[in-house]
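Below: one structure, written as structure tokens.
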Amino acid sequence: MVLLDVRGSCSFADYFLVCTGDSERQLNAIWEAILDALKARGVRALHKEGAGSGWLLADYGAVVVHVLAPFEREYYQLESLWADAVPVLRMQ
């Protein structure tokens, strides 16, 4: 998991949270845990997409959450695409 500060290179968000799940079940568990935790605090996604695609995305305005399968994370390489972003937090 990595939290990227994209304020210096992105006009539509301040942060990207990028997570990886090793299976469809794990992707969905991570996805639901994030959505449920934020919903419990009164924060709702502006937009959600990607069910069954290997890349789930939730737009919270200032924060965009990406939950990817390993293949999609390697293929799209968001950290490289947003190389100007400052890593705020990295967990493995």
(1) of a type in the set (A, V, I, L, M, F, W, C); (2) modelled with pLDDT of 95 or more; (3) within 20 Å of Ser11 (Cα to Cα); (4) assigned to a loop (DSSP other than H, G, I, E, B) all hold for Val64 apart from (4)
Any chance you could count how many residues in region 6-24 are outside any loop (DSSP other than H, G, I, E, B), surrounded by fewer than 18 Cβ atoms within 10 Å (Cβ to Cβ) and either hydroxyl-bearing (Ser, Thr, Tyr) or at pLDDT 95 or above (or both)? 0
Only one residue in Leu56, Leu27 is in a strand (DSSP E or B) and surrounded by 11 or more Cβ atoms within 10 Å (Cβ to Cβ). Which one? Leu56
Tally of residues being in a loop (DSSP other than H, G, I, E, B) and either at pLDDT 95 or above or farther than 21 Å from Leu81 by Cβ (or both) across region 30-53: 8
Considering region 62-85 alone, what residues qualify as being more than 28 Å from Asp36 (Cβ to Cβ) and touching a residue at least 24 places away in the same chain (Cβ under 8 Å)? Asp84
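The values are calculated or read from the model by the stated rules, or taken from the named source; none is laboratory data. Quick caveat, the model's predicted, so the values are computed rather than measured. As a convention, Cβ positions derive from the backbone with ideal geometry for all residues, glycine included, and neighbour counts pool all protein chains shown.
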